[in-house]
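The values are calculated or read from the model by the stated rules, or taken from the named source; none is laboratory data. On a predicted model such as this, the values are computed, not experimentally measured, just so you know. Counting neighbours? That spans all protein chains shown, and the Cβs are built from the backbone with ideal geometry, glycine included.
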Amino acid sequence: MASLLGCLLQLREKNDHRNEIVLPAYTCYSVASSAINAGYKIRLCDIDPKTLSYDMVSLRNMDTDRVFAMVSANLYGFPNDLPVLEHFASERNIHLIDDAAQALCARVGGRFVGTFGSAGILSFDKGKNITSLQGGMIITGDERLFDQLREVESSLPELDAKGQVKEFIKVFIYYFFLHPVLYQIPANISFSGLGETRYEDRVLIQKYPPMLSSLAKDQLNRVETVTNSRIRAGKYYEESLDQTDKLAKITPVPDSEPVYLRYPILIKDEHVRSRLLQEQRVLGVSASYPKSLNQLSEIQAYLVGDAACPVADQVAAQIVTLPTHAYVRTQDQQSVVDALNKYCRN
Ligand SMILES: *Cc1c(COP(=O)(O)O)cnc(C)c1O
């Protein structure tokens, strides 16, 4: 993400001083640190609690005179309303970056997430649908941007032999811990979270080591199997959970096909929520991300405009995500659903 945002900014015309980026107030923290590392000021936009996409009223009211780019979120495999965002961005002459880090293979209107706007990213970090622990991919149809990215890529430092061995060992351990028999261990040491829940201000851009990229490539060949099993798990939760005053499900945007990297719900009763998170943690139930971007003290100095985003704050306080990966057993899913339906009854 950081390399793409940096390259994009380099492509501005000489007299173009726009240096702001619009981010949804609830997304992965590394999106904010990538933007800051690339040299942007951040303008936050509140989200819609029903879809987790941008709140379009806030977005349309936003002062975009100094905005150069905006980023989608597509969290947990649920696409944002990308056709609407793409239209908005082009109307205002803003670059849309379509963040498909959590939504590989998801679609809106038959079109893949990551292919909307000026460019898209896929991430192969840990916790994603496909992972080589690090690395990612940039998708663009813009030739100038493509050439610029190529140039930057070829000048990046390579990981040395020692670094490569270290990466290999990390990958090995990661796969070992994901083994179903050991599933409880990663849950208990909170090893299997979705990306980082801590804010890291330094973003290191390195060449993608071939050893790691070949791992990702291998998984890309099997991506349909992996994705379908997540979709099955997601649909099971969708069908079995009761929407009540205490539990709200997320509604996919029109004409979209989510891939359910996790299954997010909002729990409106604070006590029920903390009880669930405690009791069901071993089954892989977790809260991510604990704060909205406007609540991160580390980025306050880079925020412009009115940063109040009450809905994003509320989502951060209420969200709970359920696991959908291939090692979640059916009986574990059932007991998560039973507990939720019991605790959240009206
Ligand atoms: C993991 C993640 C990223 C990270 O992207 P990198 O290219 O690895 O920096 C970005 N956005 C979201 C939503 C993520 O989950």
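Can you go through 169, 130 and tell me which one is of a type in the set (A, V, I, L, M), surrounded by fewer than 19 Cβ atoms within 10 Å (Cβ to Cβ) and either at pLDDT 75 or above or under 30 Å from residue 80 (Cβ atoms) (or both)? Walk me through how you get there before you give the answer.
Numbers: 130 fails: surrounded by fewer than 19 Cβ atoms within 10 Å (Cβ to Cβ).
Selected residue: 169, the only one of 169, 130 that is of a type in the set (A, V, I, L, M), surrounded by fewer than 19 Cβ atoms within 10 Å (Cβ to Cβ) and either at pLDDT 75 or above or under 30 Å from residue 80 (Cβ atoms) (or both).
Here residue 87 meets each of (1) of a type outside the set (Phe, Trp, Tyr); (2) in contact with a strand residue (DSSP E or B) (Cβ under 7 Å, 6 or more places away or on another chain); (3) modelled with pLDDT of 95 or more with one exception, condition (2).
Yes/no per residue for (1) on the phi > 0 side of the Ramachandran plot; (2) more than 16 Å from the ligand (Cβ to nearest atom):
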| site | (1), (2) |
| --- | --- |
| 113 | no, no |
| 119 | no, no |
| 127 | yes, no |
| 137 | no, no |
| 143 | no, yes |
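Checking each residue in the range 121-172 for being among the acidic types (Asp, Glu), outside any helix (DSSP H, G or I) and farther than 30 Å from residue 225 by Cα picks out 142, 158, 160. Condition check for residue 112 on (1) modelled with pLDDT under 95; (2) out of contact with any Phe, Trp or Tyr (no Cβ under 9 Å at 6 or more places or on another chain); (3) crowded, with 19+ Cβ neighbours inside 10 Å: one failure, at (1). Taking the range 321-345, which residues are part of a loop (DSSP other than H, G, I, E, B) and either among the aromatic types (Phe, Trp, Tyr) or farther than 22 Å from residue 52 by Cα (or both)? 326, 327, 328, 329, 345, listed by residue number.
Going through the range 20-43 one residue at a time, which ones are in a loop (DSSP other than H, G, I, E, B) and modelled with pLDDT under 95? Let's see the steps before the verdict.
Going residue by residue through the range 20-43, those that are in a loop (DSSP other than H, G, I, E, B) are 25-28, 39-40.
28, 39, listed by residue number.
For residue 106, the test of being farther than 30 Å from residue 171 by Cα, in contact with a strand residue (DSSP E or B) (Cβ under 7 Å, 6 or more places away or on another chain) and of a type in the set (Gly, Ala, Ser) is failed. When the range 22-53 is filtered for residues that are of a type in the set (Ser, Thr, Tyr), away from the ligand (no atom under 12 Å from the Cβ) and in contact with a strand residue (DSSP E or B) (Cβ under 6 Å, 6 or more places away or on another chain), only 40 remains.
Residues of the range 201-219 that are within 16 Å of the ligand (Cβ to nearest atom) and outside any loop (DSSP other than H, G, I, E, B): 212, 213, 215, 216, 219. If residue 17 passes every condition in (1) in a loop (DSSP other than H, G, I, E, B); (2) more than 26 Å from residue 153 (Cβ to Cβ); (3) modelled with pLDDT of 95 or more but one, which one does it miss? Here residue 17 meets the rest and fails (3). Based on what the data block shows, is residue 104 within 30 Å of residue 225 (Cβ to Cβ) and within 16 Å of the ligand (Cβ to nearest atom)? The answer is yes for residue 104. So which residues in the range 281-314 are more than 23 Å from residue 102 (Cα to Cα) and either outside any loop (DSSP other than H, G, I, E, B) or touching a helix residue (DSSP H, G or I) at 6+ places or on another chain (Cβ under 9 Å) (or both)? If the condition is that a residue be more than 23 Å from residue 102 (Cα to Cα) and either outside any loop (DSSP other than H, G, I, E, B) or touching a helix residue (DSSP H, G or I) at 6+ places or on another chain (Cβ under 9 Å) (or both), then 297, 298, 300, 301, 302, 303, 307, 308, 310 are the ones that fit. For residue 85, indicate whether it is within 15 Å of the ligand (Cβ to nearest atom), in contact with a Cys (Cβ under 6 Å, 6 or more places away or on another chain) and either of a type outside the set (Ser, Thr, Tyr) or not in a helix (DSSP H, G or I) (or both). When the stated conditions are applied, residue 85 does not pass them.
Any residue at all in the range 62-76 that's more than 25 Å from residue 6 (Cα to Cα), part of a loop (DSSP other than H, G, I, E, B) and not hydroxyl-bearing (Ser, Thr, Tyr)? No, every residue in the range 62-76 fails to be more than 25 Å from residue 6 (Cα to Cα), part of a loop (DSSP other than H, G, I, E, B) and not hydroxyl-bearing (Ser, Thr, Tyr). Scan the range 56-68 and give yes if some residue there is under 20 Å from the mean Cα position of the chain (by Cα) and within 15 Å of the ligand (Cβ to nearest atom), otherwise no. No, the range 56-68 contains no residue that is under 20 Å from the mean Cα position of the chain (by Cα) and within 15 Å of the ligand (Cβ to nearest atom). Number of residues in the range 110-163 that are in contact (Cβ under 8 Å) with a residue 24 or more places away in the chain and among the aromatic types (Phe, Trp, Tyr): the value is 2.
Scan the range 282-292 and tell me whether some residue there is touching a Ser or Thr at 6+ places or on another chain (Cβ under 8 Å) and at pLDDT 95 or above. Within the range 282-292 (the criterion being touching a Ser or Thr at 6+ places or on another chain (Cβ under 8 Å) and at pLDDT 95 or above), the answer is no, since none of the residues qualifies.
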